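To start, the structure under review is shown below, and the notes come after it.
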Amino acid sequence: MERRTRSGASFSPFNTPLTGISTNVCLAPLITQALCNEAQRDGSNEGDNEGMDLSPVSQRLSKSVPNLTCSNPGPTNSPPTPSLMPKTHVEPQMGTSIIPALSERPQSLRLLPSSTTTSGSSRTTRDIRNKSRSKIRRKVKEKNALSELPSPAYQHRPRTTAALKAAGLGSSQVYLTSESLPAAHGRWVGKRIEPLQKHIWTIEACQAFGLELVNWDGRTPYTFTDDSARSMVTLVGCPCDESWSSAVVGASRLMGDVRSWGEGRGAFTAAQSDHRRGHFVALACGVSYGGGQQAPGNLVHSKARRMLLDTLLDDHNIQRLAGFQSSAFAYYVPKLYRHYATSLTQLYSHDRNLDINFTNSIFPATTFNLGPETISLDHTDPGNIAYGMCALTALGNYNPDLGGHLLLFDLNKMVRFPPGSTILLASSILRHGNSPIQDGEHRMSLSQYCTGGLFRWVKYGFQTAESLLGTPGGKYLKHELDGDDEEKTAQALSLFSKIDELEYDRQCVFSKPICVL
């Protein structure tokens with residue numbers, strides 16, 4: 001995945017050998033339980049959208065259907081480098097706001113670097129000419145985009161290079177039986193579990209509980225494997241690129257500004273500020289399904305929140321983080337990534353009204369955890385697909401030695417989690433949380449994931465379970481599609497790469513195009 005710029009500089013988001021941490025956890029029972037819980041949730045119409053309204057119609061303001069066709073078969077649109085950034089880009093600085101005063105038309109809100117002058121008296125003829133040309137180019141792109149079918153970034157392929165081959169995955173085995181992890185019947189989503197305690201876990205409490213500290217540097221890739229050497233949690237790290245820290249600072253500052261603006265104007269609901277995961281602002285967007293809905297839809301927001309979400313989604317720093325998360329998913333969990341691509345290809349082809357958060361990411365849903373102190377209680381994410389991965393990137397300005405650790409209770413691990421680093425986690429079945437940060441510090445995070453209901457909808461032939469059961473032979477067909485617990489668990493486990501088979505899995509997955517079965 002190593003590439004070279006015209007100047008001869010080389011770069012690669014994954015050029016560090018991966019170290020494994022072995023566990024004696026057995027993944028199979030964990031997935032079995034999570035898949036079983038899905039049937040209970042589906043039968044009770046408990047959706048994957050956690051109470052949020054869904055709409056089959058796009059709610060993006062002033063946005064046309066995006067052109068997501070990827071002409072470059074790179075690693076799921078690997079993160080942009082400085083040479084790919086606009087020459088006029090101004091790197092943000094912490095401590096200054098980049099959200100201007102709100103105009104009469106929220107859709108016209110534009111985020112400008114704080115050093116950019118917008119006063120009419122200071123505008124030059126060149127500024128006016130460039131703006132006019134930019135407007136023309138934008139209209140042309142929008143016109144061309146209308147003719148394209150939206151699709152996630154599954155057409156990208158990680159390239160097999162010397163740098164990638166050198167990035168050996170190190171593993172660490174933990175003592176856990178994966179078959180015993182919580183999941184719902186049908187193996188689509190996990191089962192919601194009650195927290196071990198209803199307040200945050202201090203480091204002292206974690207140590208007393210028996211969690212072992214993993215003093216991760218935030219760069220060197222590691223993976224925790226189950227008793228069969230399957231990778232369950234991957235500490236991805238971050239790109240070996242000097243500009244990455246600037247992207248992290250820019251994304252952190254923007255998310256803080258969005259939170260401050262929204263709080264000052266009452267844009268967030270009580271449920272978005274105080275919820276089962278903790279007391280911090282969390283904004284989710286993208287595609288979900290469930291809760292009695294007859295079809296997948298886009299998460300609906302008020303006009304003010306939609307504007308704030310569009311501001312976040314359109315930011316090039318956040319787009320870079322999202323692209324890196326998707327690239328890491330493809331690189332470290334290739335068979336599961338291909339499974340996502342196959343199902344989501346069918347989903348987006350069937351319904352063009354579904355939003356796509358990022359054109360360089362395969363994940364259909366995103367949550368911006370805006371803080372100011374994103375410290376989660378111990379929990380699982382049962383709405384996510386039971387055998388799926390959640391990509392987490394920590395942001396903010398906290399001391400990772402003193403707080404913000406990722407707590408993995410099933411693995412008995414407490415992982416140091418520095419700002420700017422990314423972790424892939426089976427969040428539907430593994431209980432996780434965070435340790436508190438220090439007074440005056442701020443912690444945020446970006447997460448991407450996929451809800452299990454989407455795959456169920458596609459598997460059932462783009463219809464609900466009730467609709468399927470109402471067709472001739474529907475009961476038999478549903479049973480065949482769901483499979484029994486043992487069969488479905490085996491299918492799910494086969495999507496997790498074993499540490500010594502990872503390179504082979506990459507070759508098998510990305511040596512041929514993604515196809516719709």
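Name the single residue that is surrounded by the fewest Cβ atoms within 10 Å (Cβ to Cβ) among those in the range 400-419 being more than 22 Å from LEU18 (Cα to Cα) and in contact with a Ser or Thr (Cβ under 8 Å, 6 or more places away or on another chain).
GLY403
Among the residues of the range 490-508, count how many are closer than 10 Å to TYR387 by Cβ and among the hydrophobic types (A, V, I, L, M, F, W, C). Break it down stepwise before answering.
Narrowing the range 490-508 to residues closer than 10 Å to TYR387 by Cβ: 491-496.
Keeping just the survivors that are among the hydrophobic types (A, V, I, L, M, F, W, C) gives 492-493, 495-496.
So the count comes out to 4.
Determine if the range 308-328 includes at least one residue that is closer than 24 Å to ALA492 by Cβ and touching a Gly at 6+ places or on another chain (Cβ under 7 Å). It would help to see each step written out before you state the result.
Residues of the range 308-328 closer than 24 Å to ALA492 by Cβ: 325-328.
Adding the requirement that they be touching a Gly at 6+ places or on another chain (Cβ under 7 Å) leaves none.
For the range 308-328, residues closer than 24 Å to ALA492 by Cβ and touching a Gly at 6+ places or on another chain (Cβ under 7 Å): absent.
Go through the range 396-448 residue by residue and tally those that are without any contact (Cβ under 8 Å) to a residue 60 or more places away in the chain, touching a strand residue (DSSP E or B) at 6+ places or on another chain (Cβ under 6 Å) and over 17 Å from GLN325 (Cβ atoms).
2
Of all residues in the range 491-507, how many are not charged (D, E, K, R) and not in a helix (DSSP H, G or I)?
So the first thing to find is which residues in the range 491-507 are not charged (D, E, K, R), and the list is 491-497, 499, 502, 504, 507.
Next, from what is left, pick out any that are not in a helix (DSSP H, G or I): 494-497.
The number of residues fulfilling the criteria is 4.
Looking only at the range 355-383, which residues are more than 11 Å from the chain's Cα centre (by Cα) and outside any loop (DSSP other than H, G, I, E, B)? Lay out the reasoning, then the answer.
At the first step, the residues of the range 355-383 found to be more than 11 Å from the chain's Cα centre (by Cα) are 355-356, 359-360, 369-383.
The answer is ASN369, LEU370, GLY371, GLU373, HIS379.
Run down GLN346, GLN325 and say which single residue is under 27 Å from LEU502 (Cβ atoms), touching a strand residue (DSSP E or B) at 6+ places or on another chain (Cβ under 8 Å) and part of a helix (DSSP H, G or I). Even if it seems obvious, please write down each step before you answer.
Working: GLN346 fails: touching a strand residue (DSSP E or B) at 6+ places or on another chain (Cβ under 8 Å).
The unique qualifying residue is GLN325.
With the checklist (1) closer than 30 Å to GLU503 by Cα; (2) surrounded by fewer than 24 Cβ atoms within 10 Å (Cβ to Cβ); (3) of a type in the set (D, E, K, R) in hand, flag the one item ARG352 doesn't pass.
Only one criterion is unmet by ARG352, namely (1).
Can you tell me which of THR422, THR489 is surrounded by 17 or more Cβ atoms within 10 Å (Cβ to Cβ) and at pLDDT 95 or above? Walk me through how you get there before you give the answer.
Details: THR489 fails: at pLDDT 95 or above.
The unique qualifying residue is THR422.
Would you mind finding the one in ARG192, ARG277, ARG230, ARG253 that is basic (Lys, Arg) and at pLDDT 95 or above? Quick ask: steps written out before the conclusion?
On the way: ARG192 fails: at pLDDT 95 or above; ARG277 fails: at pLDDT 95 or above; ARG230 fails: at pLDDT 95 or above.
It is ARG253.
Determine which single condition ARG219 fails, assuming it passes every other condition in (1) on the phi > 0 side of the Ramachandran plot; (2) surrounded by fewer than 19 Cβ atoms within 10 Å (Cβ to Cβ); (3) in contact (Cβ under 8 Å) with a residue 24 or more places away in the chain.
For ARG219, the exception is condition (1).
Looking at ALA386, ALA365, which one is of a type in the set (Gly, Ala, Ser), within 26 Å of ASP274 (Cα to Cα) and either surrounded by fewer than 23 Cβ atoms within 10 Å (Cβ to Cβ) or touching a Lys or Arg at 6+ places or on another chain (Cβ under 7 Å) (or both)?
Numbers: ALA365 fails: either surrounded by fewer than 23 Cβ atoms within 10 Å (Cβ to Cβ) or touching a Lys or Arg at 6+ places or on another chain (Cβ under 7 Å) (or both).
The match here is ALA386.
Of all residues being in a strand (DSSP E or B) and touching a helix residue (DSSP H, G or I) at 6+ places or on another chain (Cβ under 8 Å) in the range 228-269, which is surrounded by the fewest Cβ atoms within 10 Å (Cβ to Cβ)? Just the residue, please.
First, the residues of the range 228-269 that are in a strand (DSSP E or B): 230-237.
Next, only the ones that are touching a helix residue (DSSP H, G or I) at 6+ places or on another chain (Cβ under 8 Å) stay: 230-231, 234, 236.
Working: ARG230: 24, SER231: 26, THR234: 27, VAL236: 28.
Applying the filter and picking the extreme gives ARG230.
Can you give me the number of residues within the range 270-293 that are surrounded by 15 or more Cβ atoms within 10 Å (Cβ to Cβ), of a type outside the set (S, T, N, Q) and under 20 Å from the mean Cα position of the chain (by Cα)?
Going through the range 270-293 one residue at a time, the tally reaches 13.
Among the residues of the range 295-304, is any basic (Lys, Arg), in contact with a helix residue (DSSP H, G or I) (Cβ under 8 Å, 6 or more places away or on another chain) and assigned to a helix (DSSP H, G or I)?
To start, the set of residues in the range 295-304 that are basic (Lys, Arg) comprises 303.
Adding the requirement that they be in contact with a helix residue (DSSP H, G or I) (Cβ under 8 Å, 6 or more places away or on another chain) leaves 303.
From what is left, the residues that are assigned to a helix (DSSP H, G or I) are 303.
Yes, the range 295-304 contains a residue that is basic (Lys, Arg), in contact with a helix residue (DSSP H, G or I) (Cβ under 8 Å, 6 or more places away or on another chain) and assigned to a helix (DSSP H, G or I).
Okay, residues lined up against (1) of a type outside the set (Asp, Glu); (2) outside any helix (DSSP H, G or I); (3) buried (at least 18 other Cβ atoms within 10 Å of the Cβ):
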site	(1), (2), (3)
SER428	yes, yes, yes
ILE437	yes, yes, yes
PHE462	yes, yes, no
GLU466	no, no, no
LYS475	yes, no, no
LYS478	yes, no, no
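So which residues in the range 328-355 are small (Gly, Ala, Ser) and over 17 Å from GLN507 (Cβ atoms)? Full working, then the answer.
First pass over the range 328-355, keeping only residues small (Gly, Ala, Ser): 328, 330, 341, 343, 349.
Hits for the range 328-355 are ALA328, SER343, SER349.
Can you tell me which residues in the range 439-460 are part of a helix (DSSP H, G or I) and either out of contact with any Leu (no Cβ under 8 Å at 6 or more places or on another chain) or within 22 Å of ASP378 (Cβ to Cβ) (or both)?
GLY452, GLY453, PHE455, ARG456
The values are calculated or read from the model by the stated rules, or taken from the named source; none is laboratory data. This is a predicted model, so every value here is computed, not measured. Using ideal geometry, Cβ is built from the backbone for each residue, glycine included, and neighbour counts are taken over all protein chains shown.
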